[in-house]
């Protein structure tokens, strides 16, 4: 059997656009001599559709498009992801389904069995689990069709499983001769390598070939890297889709030769490519042609500026320098050097006149005395006002430049440097920001060395550095990784770090600043545990007060 895998980039809710993508892939599969053409999970509606599925008008339109797709088929099979409904009046009645069509009709539907409800996944809110798991005989083969999570629960691979059921085992018990998994699996560093190892182990153990198709695209904060994979019955990978782009793969189940390729690049390569792709997708799908960035002369805004140039082109990136009386001369010259290296346009607008006027206006009410943080935040918020003015006036997308370390401990200003439509590096720790910068400069200097090696500072008061308030970033990030991603608590972290006072301070800062993160722009997810939809903690709480 020959299976064509269509690695598609869809738009959530744009049914005609998605339908045409599926049809185009189907026609290409027919031309290539495929017996079956497969498309990713929920490829007709886009993933994740979230509360769109609760709209009856939307569900009705989905059914119409499913019928249109089915009517366009001939004897070659077409398998795609969609939502379906039943009417048993129990639960949501909505399913995440794989739809198999040929000869002008929908011939078979397999619903998803394992409905994830962790991290960024909230499918249990919308979907019912499959009542049955069945194979389907097609062209002399017994197809074992599963959807994304269904294949992530093999008892021989995972030390601890999330579910008691194993739908793939049921398919094997029913005599499946080929496994097919249609997927929309969000990327984080290390996940592609894990997918390959898991799927390879499954095929080798059960002596069965497998076609795994994943979407490629970014939907707000979630990045889908593509990298669809095919394996022979020995567990050897024979096909690998492109990363971060659409692709078409023809899998000859019996005759393809094993591939000897690297599945995943270095941390720096992968994270940088993910961020560039995620920003490009965000701009494209929201129809933003240009972006604006507040360029401080510091590391974070320099990295975001580089990413923006790679994502949408230097001619579409505009930066604004917003100096105050506390801005060092070096910050301006360093920023100007970066601007020259990137060949981007700029404005330079001092915030000091506006800051002076606000302080003057507030002085009577404040008895002419300002706390340091008050004056500092006024500066940051004036910068936010100026940047939003540029955004509004020229229809630029404002990019927030804060990193994950700052977001974690609240070292950022609401309605100031947190302003923006997208937080590009808010899932990248400060120490990793420097790793990426050095990687960018591996062949020639793009981000000025002066920026990389100077002490980080918000420059909101004389001689200020980040370490006046925070522990050194290498120590801070180590604590944050254990707390946020490994879910370790105070005693466990202290036993490794050896400084109870610092650990307690950092954890308290994380907990107390949940209110800021709830008001932050969406951030591109590149780690196992990002802020946003996948990490939900209460703002008002009494744990470790």
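The values are calculated or read from the model by the stated rules, or taken from the named source; none is laboratory data. Small disclaimer: the values here were computed from a predicted structure and weren't measured. Cβ atoms come from the backbone with ideal geometry, glycine included; neighbour counts cover every protein chain shown.
With the requirement that a residue be touching a strand residue (DSSP E or B) at 6+ places or on another chain (Cβ under 6 Å) and more than 22 Å from residue 12 (Cα to Cα), what does the stretch 76-100 give you?
Hit for the stretch 76-100 is 77, nothing else.
Of the residues in the stretch 110-120, how many are surrounded by fewer than 18 Cβ atoms within 10 Å (Cβ to Cβ) and either without any contact (Cβ under 8 Å) to a residue 24 or more places away in the chain or part of a strand (DSSP E or B) (or both)?
The qualifying residues number 1.
Do the conditions hold for residue 387, that is, is it in contact with a helix residue (DSSP H, G or I) (Cβ under 6 Å, 6 or more places away or on another chain) and either more than 17 Å from residue 509 (Cβ to Cβ) or part of a loop (DSSP other than H, G, I, E, B) (or both)?
Numbers: in contact with a helix residue (DSSP H, G or I) (Cβ under 6 Å, 6 or more places away or on another chain): no; either more than 17 Å from residue 509 (Cβ to Cβ) or part of a loop (DSSP other than H, G, I, E, B) (or both): yes.
Considered against the rule, which asks whether it is in contact with a helix residue (DSSP H, G or I) (Cβ under 6 Å, 6 or more places away or on another chain) and either more than 17 Å from residue 509 (Cβ to Cβ) or part of a loop (DSSP other than H, G, I, E, B) (or both), residue 387 comes out as no.
Any residue that is surrounded by fewer than 17 Cβ atoms within 10 Å (Cβ to Cβ) and under 22 Å from residue 530 (Cβ atoms) - is there at least one of those in the stretch 446-467?
no
Would you point out the residue of the stretch 349-382, among those that are in a helix (DSSP H, G or I) and without any contact (Cβ under 8 Å) to a residue 12 or more places away in the chain, that is surrounded by the most Cβ atoms within 10 Å (Cβ to Cβ)? Before you say what the answer is, go through the steps one by one.
Going through the stretch 349-382, the residues in a helix (DSSP H, G or I) turn out to be 352-362, 372-382.
Right, trim to without any contact (Cβ under 8 Å) to a residue 12 or more places away in the chain and you get 353, 356-357, 360-362, 373-374.
Details: 353: 11, 356: 12, 357: 11, 360: 10, 361: 10, 362: 14, 373: 11, 374: 12.
In this case the residue turns out to be 362.
In the stretch 263-275, is there at least one residue being modelled with pLDDT of 95 or more, touching a strand residue (DSSP E or B) at 6+ places or on another chain (Cβ under 6 Å) and more than 22 Å from residue 388 (Cα to Cα)?
Yes; the residues of the stretch 263-275 include at least one that is modelled with pLDDT of 95 or more, touching a strand residue (DSSP E or B) at 6+ places or on another chain (Cβ under 6 Å) and more than 22 Å from residue 388 (Cα to Cα).
Any residue at all in the stretch 167-190 that's within 22 Å of residue 254 (Cβ to Cβ), in contact with a helix residue (DSSP H, G or I) (Cβ under 6 Å, 6 or more places away or on another chain) and crowded, with 23+ Cβ neighbours inside 10 Å? Can you show your working first?
Start the filter on the stretch 167-190 by keeping residues that are within 22 Å of residue 254 (Cβ to Cβ), which leaves 168, 171-172, 174-182.
Adding the requirement that they be in contact with a helix residue (DSSP H, G or I) (Cβ under 6 Å, 6 or more places away or on another chain) leaves 168, 172, 181.
Retained after the next criterion (residues that are crowded, with 23+ Cβ neighbours inside 10 Å): 168, 181.
Yes, the stretch 167-190 contains a residue that is within 22 Å of residue 254 (Cβ to Cβ), in contact with a helix residue (DSSP H, G or I) (Cβ under 6 Å, 6 or more places away or on another chain) and crowded, with 23+ Cβ neighbours inside 10 Å.
Within the stretch 194-214, can you find the residues that are in a loop (DSSP other than H, G, I, E, B) and either in the same structural domain as residue 277 (by TED's automatic domain parsing) or within 16 Å of residue 5 (Cβ to Cβ) (or both)? Don't jump to the end; show me each part of the working.
Filtering the stretch 194-214 for residues in a loop (DSSP other than H, G, I, E, B) gives 207-209.
Answer for the stretch 194-214, where residues must be in a loop (DSSP other than H, G, I, E, B) and either in the same structural domain as residue 277 (by TED's automatic domain parsing) or within 16 Å of residue 5 (Cβ to Cβ) (or both): just 209.
Among the numbered conditions (1) surrounded by 21 or more Cβ atoms within 10 Å (Cβ to Cβ); (2) modelled with pLDDT of 95 or more; (3) farther than 30 Å from residue 254 by Cβ, tell me where residue 94 comes up short.
Every condition holds for residue 94 apart from (1).
Does residue 303 count as out of contact with any strand residue (DSSP E or B) (no Cβ under 7 Å at 6 or more places or on another chain), in the same structural domain as residue 400 (by TED's automatic domain parsing), more than 24 Å from residue 193 (Cα to Cα) and buried (at least 21 other Cβ atoms within 10 Å of the Cβ)? Outline the logic, then answer.
On the way: out of contact with any strand residue (DSSP E or B) (no Cβ under 7 Å at 6 or more places or on another chain): yes; in the same structural domain as residue 400 (by TED's automatic domain parsing): yes; more than 24 Å from residue 193 (Cα to Cα): yes; buried (at least 21 other Cβ atoms within 10 Å of the Cβ): yes.
Answer is yes for this residue.
Looking at this structure, is residue 467 over 26 Å from the mean Cα position of the chain (by Cα) and either outside any helix (DSSP H, G or I) or under 24 Å from residue 303 (Cβ atoms) (or both)?
Values: over 26 Å from the mean Cα position of the chain (by Cα): yes; either outside any helix (DSSP H, G or I) or under 24 Å from residue 303 (Cβ atoms) (or both): yes.
When the stated conditions are applied, residue 467 passes them.
Among the candidates 83, 99, 90, 63, which residue alone is farther than 16 Å from residue 47 by Cβ and not in a loop (DSSP other than H, G, I, E, B)?
Values: 83 fails: farther than 16 Å from residue 47 by Cβ; 99 fails: farther than 16 Å from residue 47 by Cβ; 90 fails: not in a loop (DSSP other than H, G, I, E, B).
Of the residues listed, the single one that is farther than 16 Å from residue 47 by Cβ and not in a loop (DSSP other than H, G, I, E, B) is 63.
Go over the candidates 158, 152 one by one and state the one that is surrounded by 22 or more Cβ atoms within 10 Å (Cβ to Cβ) and either at pLDDT below 95 or not assigned by TED's automatic domain parsing to the domain that holds residue 6 (or both).
152
Can you name the residue in the stretch 329-348 that is surrounded by fewer than 16 Cβ atoms within 10 Å (Cβ to Cβ) and not in a strand (DSSP E or B) and, of all such residues, is farthest from the chain's Cα centre (by Cα)? Don't jump to the end; show me each part of the working.
Of all residues in the stretch 329-348, those surrounded by fewer than 16 Cβ atoms within 10 Å (Cβ to Cβ) come to 329-330, 333, 340, 343, 345, 347-348.
Okay, now just the ones that are also not in a strand (DSSP E or B), so 329-330, 333, 340, 343.
Details: 329: 37, 330: 35, 333: 34, 340: 31, 343: 28 Å.
If we take residues in the stretch 329-348 being surrounded by fewer than 16 Cβ atoms within 10 Å (Cβ to Cβ) and not in a strand (DSSP E or B), then 329 is farthest from the chain's Cα centre (by Cα).
For the stretch 116-149, enumerate the residues that are at positive phi and at pLDDT 90 or above. Outline the logic, then answer.
Of all residues in the stretch 116-149, those at positive phi come to 119, 139-140, 148.
Result: 139, 140, 148.
Quick one: which residue in 235, 217 is touching a helix residue (DSSP H, G or I) at 6+ places or on another chain (Cβ under 7 Å), crowded, with 23+ Cβ neighbours inside 10 Å and either at pLDDT 95 or above or assigned to a strand (DSSP E or B) (or both)?
Numbers: 235 fails: crowded, with 23+ Cβ neighbours inside 10 Å.
Going through 235, 217 in turn, just one is touching a helix residue (DSSP H, G or I) at 6+ places or on another chain (Cβ under 7 Å), crowded, with 23+ Cβ neighbours inside 10 Å and either at pLDDT 95 or above or assigned to a strand (DSSP E or B) (or both): 217.
Is there a residue being free of Cβ contacts under 8 Å to residues at least 40 places away in the same chain, in contact with a helix residue (DSSP H, G or I) (Cβ under 9 Å, 6 or more places away or on another chain), within 21 Å of residue 412 (Cα to Cα) and surrounded by fewer than 16 Cβ atoms within 10 Å (Cβ to Cβ) anywhere in the stretch 474-482?
no
Tell me whether the stretch 524-539 contains one or more residues that are more than 20 Å from the chain's Cα centre (by Cα), touching a residue at least 12 places away in the same chain (Cβ under 8 Å) and either over 29 Å from residue 220 (Cβ atoms) or assigned to a loop (DSSP other than H, G, I, E, B) (or both). Don't jump to the end; show me each part of the working.
First, pick out the residues of the stretch 524-539 that are more than 20 Å from the chain's Cα centre (by Cα): 538-539.
Still in the list and also touching a residue at least 12 places away in the same chain (Cβ under 8 Å): 538-539.
Those left that are additionally either over 29 Å from residue 220 (Cβ atoms) or assigned to a loop (DSSP other than H, G, I, E, B) (or both): 538-539.
Scanning the stretch 524-539, I find at least one residue that is more than 20 Å from the chain's Cα centre (by Cα), touching a residue at least 12 places away in the same chain (Cβ under 8 Å) and either over 29 Å from residue 220 (Cβ atoms) or assigned to a loop (DSSP other than H, G, I, E, B) (or both), so the answer is yes.
Quick check, is residue 324 within 20 Å of residue 462 (Cα to Cα), buried (at least 23 other Cβ atoms within 10 Å of the Cβ) and touching a residue at least 40 places away in the same chain (Cβ under 8 Å)? Walk me through how you get there before you give the answer.
Values: within 20 Å of residue 462 (Cα to Cα): yes; buried (at least 23 other Cβ atoms within 10 Å of the Cβ): no; touching a residue at least 40 places away in the same chain (Cβ under 8 Å): yes.
No: the conditions fail for residue 324.
Being assigned to a loop (DSSP other than H, G, I, E, B) and either within 26 Å of the chain's Cα centre (by Cα) or within 20 Å of residue 232 (Cα to Cα) (or both) is the filter here; which residues of the stretch 160-184 pass it?
So the first thing to find is which residues in the stretch 160-184 are assigned to a loop (DSSP other than H, G, I, E, B), and the list is 160-166, 174-177, 184.
160, 161, 162, 163, 174, 175, 176, 177, 184, listed by residue number.
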